[in-house]
Every structure is written in structure tokens, then in C-alpha cells.
Amino acid sequence: MSGLRNKDGTFSAPSFATIARDPATGIATREKWHNRYGELHRANGPANIVRDPVTGVIVREDWCKNRDLHRVDGPAAVVRDPTTGREAALSWWKNGRLHRIDGPAVVERDVATGDVTLEEWYNNGKRVPRPRRPASAAFARRFQPT
């Protein structure tokens, strides 16, 4: 990659991806998207994507803005079961801090049943107690397990 760098150490392309493939299956097991400074960054999708080399299922997605986990319209980190692809853990981040105002910032699920096993609430990186009022029904339906 040194041939892609400018004299000031930045990369010549405004953004670029690196892809690692499993030699046996040819599956792209990892995609990393970077900004010109080499930081994980992607404006319209996850900056880090990890796939199971056997099933090809995406087992992890990290949405990053200038190296920090960050996403405004959904979870910034998603972990899935490699066999079923069902979501096992979701976390909402804003500028590198756990943050969500309309629900829990950390949600873990039993992949067999889809039942929520853990909920943690955060506001700007600080853990807060669960609010007394439940999240809206429309919001709850939006993030049902797939």
C-alpha cells in the first residue's frame, strides 16, 4: 500500500477498500473500507464486513465514520450467527460512543429463539437506567430479528 500514499502520508484515493478472500472457498471473508487517512470509514454502508468462510454469511458489520463506530439510522455494530444469519447482538453508536435515545443501545438475542437476552441503555457513552415508558410499537417492529 505504500505506493498509494502521498508524501504527507495520506492515501491518493479519497476512499478505498481492502478485501481478504478465503483461499479454499474464494469467499470474501473481510472487507474494510478506508478514508484517505487509512481510517475505517464508509459513508453509505458498513466499513468493516466479516463473512463466515464456509457459509458466506455476514457475521459482523461495523458502520464507521473516521474510524469511530457511528450510524444515525440503525445499529452501528451487528453480529450474526454464522449458520443461520440471525442477529445475535446489535449496538447503536454515535461518534464512537454507545448512544440511543429511542431504545436500548445494546441488544443481545438468543439466536435460536430470537428472544432478547440483554438490553442496556446509553446516552452519549454513559449508561443510563431503562426509561419507564416503552419504545414505540412501530420502532419495536422495525428491529425484529431477521
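The values are calculated or read from the model by the stated rules, or taken from the named source; none is laboratory data. In this text the structure is predicted, and so the values were computed from the model without any measurement. As a convention, Cβ positions derive from the backbone with ideal geometry for all residues, glycine included, and neighbour counts pool all protein chains shown.
Remarks
- All told, Ala140 falls short of being modelled with pLDDT under 85, among the aliphatic types (A, V, I, L, M), surrounded by 11 or more Cβ atoms within 10 Å (Cβ to Cβ) and in contact with an Asp or Glu (Cβ under 9 Å, 6 or more places away or on another chain).
- Qualifying residue in the range 103-111 (condition: in contact with a Ser or Thr (Cβ under 9 Å, 6 or more places away or on another chain), of a type outside the set (Asp, Glu), touching a residue at least 24 places away in the same chain (Cβ under 8 Å) and assigned to a strand (DSSP E or B)): yes
- Qualifying positions in the range 53-81 - among the aliphatic types (A, V, I, L, M), part of a loop (DSSP other than H, G, I, E, B) and under 11 Å from the mean Cα position of the chain (by Cα): Ala76
- Contact map, the range 42-56: residues that are under 16 Å from His70 (Cβ atoms) paired with residues that are among the aromatic types (Phe, Trp, Tyr) and part of a loop (DSSP other than H, G, I, E, B), Cβ distance under 9 Å, separation 6+ or inter-chain. Pairs shown: Arg42/Trp63; Gly45/Trp63; Pro46/Trp63; Ala47/Trp63; Asn48/Trp63.
- Of all residues in the range 89-98, those that are surrounded by 20 or more Cβ atoms within 10 Å (Cβ to Cβ) and more than 11 Å from Gly74 (Cα to Cα) total 1.
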